[in-house]
Structure formats: C-alpha cells, structure tokens
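Reviewing the structure listed below.
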Amino acid sequence: MPSLLLKFPRAHQVVAAMLGLAGPIAVGAMTGHPRIGMAVSLGGLALSGEGKGETFREQMPGLIHATVAGSVAMFTGPAMTGHGDMLAAVGIPAVAAAAGLLGGISRPLARAATQFILYTLIAANLGMREAHPLGLMLLFFLGAAWTAGLSLVLRPLFRTMCSAPPIPANTDQPPHHSAGQLLRRWRNSLTHLSGWQYAIRITLCLAAAEVYEWIWPHHHGYWVSVTVVIVVQRNLQAALKRTLQRAAGTAFGVLLTGLFLLGLPPMWAMIVMIAALSAARPILMEANYAAYAAVMTPLVILLLDFGQEPSWTVMVDRLAATLAGCTLALTLGYLMWSRLFPSVSVTGDSR
C-alpha cells in the first residue's frame with residue numbers, strides 16, 4: 001500500500017474529491033434530503049483539485065479563492081432569478097463582464113472569476129426556488145469547508161502512511177508582485193482593447209446563450225451558458241483546441257451518462273458513480289482535457305439531477321445545448337478575436 005501511494009502523488013486530492021462530493025450526497029440521500037446533499041456537494045465540486053502545493057501555506061490560497069468565489073456565486077445566482085427571469089437574462093452577462101474584468105488583475109483572480117461565473121449560472125438554475133440565497137450560500141460553504149479540511153488533513157496523513165520525508169516548499173515560484181503593482185498593471189491594460197477582450201467575449205457569448213434560451217425555452221438552455229464559460233478562456237491561442245476537446249469530451253460524457261441512467265440505477269449506484277467520477281476528476285484535470293470533459297460533464301449532470309427522474313429528453317437537450325455553446329465559443333469567443341489579436345496570449349488563464 002505505501003509503495004502504491006508513493007507512485008500516486010495526488011492520492012490525497014483524489015480521496016478528498018471523492019469524499020467531498022459523494023459524502024454530502026450520501027448523507028442527503030440517507031436523511032431523505034437529496035437536493036440539500038446536492039447543494040452541499042457543489043462546494044466539494046468547486047474545491048476538488050484546488051489546494052495544490054506541498055505545504056499548508058501553498059495550499060490555502062487556492063482553497064480560499066475557490067470557497068469565496070463559489071459562496072458569493074451561490075448567493076448571486078438565486079438572488080437574480082428570484083426577481084424574475086428578465087433580471088437574470090440581463091444580470092448574468094453583466095456580472096460576468098465585471099468578473100471578467102476583475103480577473104485580469106492576477107492569475108488567482110482570473111481562476112476565481114471563472115469559478116464565480118460558472119457557479120452563478122449553476123446556482124441560478126438549481127431549481128430550488130424555495131431556498132433562500134443565503135441558505136444555498138451556507139450549504140455550499142459547508143461543502144467547501146468539508147472538502148478543504150479533507151485536503152489539508154489527508155496530505156500529511158498520506159505522507160505519514162508512506163513514511164516519506166516532507167517535501168520542501170516549492171521555490172520555483174513566479175515573481176511576486178505587490179497589490180499596488182498588480183492594480184497599476186491592470187489599469188494600464190484597460191487603456192488597450194486587449195485588456196477588455198475577455199470580458200467582451202464572455203459577455204457576447206453569454207448574451208447569445210440567453211437568446212438561445214429565449215428562442216428555445218424549457219430545453220435546459222442554461223447548459224449553453226455553462227458550456228460557454230468552461231470553453232471561452234483568456235488565452236486565445238488555446239481556445240480552438242479546447243473548444244474541440246470540450247465538444248468531443250462532452251458529447252461522449254452525455255452519451256455515457258444517458259446509457260448509465262437508461263437502466264434506472266438505484267440511488268446507491270448513482271452515489272458510487274459520483275464517487276468514481278469525483279476520484280477521476282483531479283487525475284484528468286491537467287492530463288487530458290477531452291477525458292476531463294468526458295468525466296466532468298456526467299458528474300455535473302448526476303449532481304444537478306440527483307433525486308430527480310432521469311430523462312432521455314434532458315440528455316438530448318443537454319447535448320444540443322453543449323454543441324450550441326461550443327459553436328458560440330468558437331465563433332463569438334474565438335474566430336473574430338483571433339483575427340484582431342493574432343498574438344494575444346493573456347496571462348492568468350483560468351484553467
């Protein structure tokens with residue numbers, strides 16, 4: 001066992017992700033509150049794969065950024081939808097534009113901005129309108145705290161089990177900039193169109209996604225927006241490859257989930273599947289994006305639909321929405337801008 005753990009340096013992240021997501025889901029199912037368990041597990045989804053580093057000090061920033069971004073998003077999404085669909089249709093692209101601009105300050109804020117936009121969309125479409133936004137925010141925070149605690153505790157525990165000497169802190173770090181330096185550089189970037197390009201691209205794509213949902217209502221059109229946020233990124237040069245990988249991986253993931261749900265599996269089987277996908281997610285996050293998308297997509301579907309009756313219609317709608325989102329990301333989010341900024345490669349890539 002120790003030798004296997006030594007060959008698998010991310011073992012603590014895998015176990016933390018698995019318990020962080022499957023744990024709340026299992027508790028919710030056993031207590032008769034599966035949707036509450038799902039909301040808590042979203043905190044685990046946001047933090048799984050975060051907390052990278054060998055020391056407590058290196059792990060904390062990523063965990064804190066993901067927790068804060070996700071918690072605020074879980075309040076923002078339901079707060080907008082609670083005041084009417086029109087406010088959400090206008091407010092979500094506007095909030096995304098503001099977050100996209102603020103994400104240009106630094107690399108950690110870029111990642112947090114993307115997480116904020118993504119979980120705002122998810123929270124706005126949870127279908128838990130009876131829940132107060134502060135309640136959803138608290139449930140997410142509990143799941144995030146549970147997963148963060150697991151990540152921080154399991155790393156030294158696994159190291160002790162392996163009898164391995166502690167690894168010194170990573171000294172190969174990017175140059176440190178003060179807050180003042182980062183803000184000055186950010187303000188200077190806003191004097192050029194390139195400093196605004198990500199915020200404009202993500203806003204255009206999300207606005208087009210809202211039009212898709214308006215034209216084709218009641219067909220899970222929000223999945224177009226979710227796909228757009230995942231695919232559109234700051235680094236224009238990587239966008240084309242990521243779009244194609246996302247499309248292929250998501251299509252496979254939707255089909256895989258459909259085949260799994262076709263057999264109407266019992267709730268415990270769905271929990272086991274969520275645990276397995278959660279364990280695979282940290283491994284694939286940086287190894288292969290197509291495989292990561294193929295795992296991430298069914299994981300999100302199983303979480304959002306947990307406790308609800310599965311439907312092939314929903315699967316087809318999500319597949320169509322994914323293809324529409326990839327098309328928007330490729331056209332409005334990439335092709336036009338790659339001609340304007342052929343050499344732009346913005347630091348602070350969020351993924």
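Throughout, read-outs are computed from the coordinates displayed, never taken from laboratory work. Owing to the predicted nature of the structure, the values given are computational and were not obtained by experimental measurement. For neighbour counting, all protein chains shown are included, and Cβ atoms are generated from backbone atoms with ideal geometry for every residue, glycine included.
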- Item | Projected label distance in nm at Ile215 and Met30, using a 7 Å step from Cα toward the beta-carbon | 4.8
- Query: Order of Ile200, Ile25, Ile36 from fewest to most other C-beta atoms within 10 Å?
  - Reply: Ile200, Ile36, Ile25
- Query: How large is the charge dipole for segment 190-337, taken about the Cα centre, if only the Cβ atoms of Lys, Arg (+1) and Asp, Glu (-1) carry charge, to the nearest 20 debye?
  - Reply: 480
- By how many nm would the segment from His132 to Leu262 lengthen if fully extended, with 0.36 nm per residue of separation less the alpha-carbon distance? 43.5 nm
- When a footprinting reagent is the concern and you count Cβ atoms within 10 Å, what order do His192, His219 take, fewest first? His192, His219
- Message: What is the sum of charges, Lys and Arg at +1 and Asp and Glu at -1, for the other residues whose Cβ falls under 10 Å from the Cβ of Ala89?
- Response: -3
- For Asn188 and Met336 in the same chain, what is the full-extension length gain: residue separation times 0.36 nm, less their Cα-Cα distance, in nm? 50.9 nm
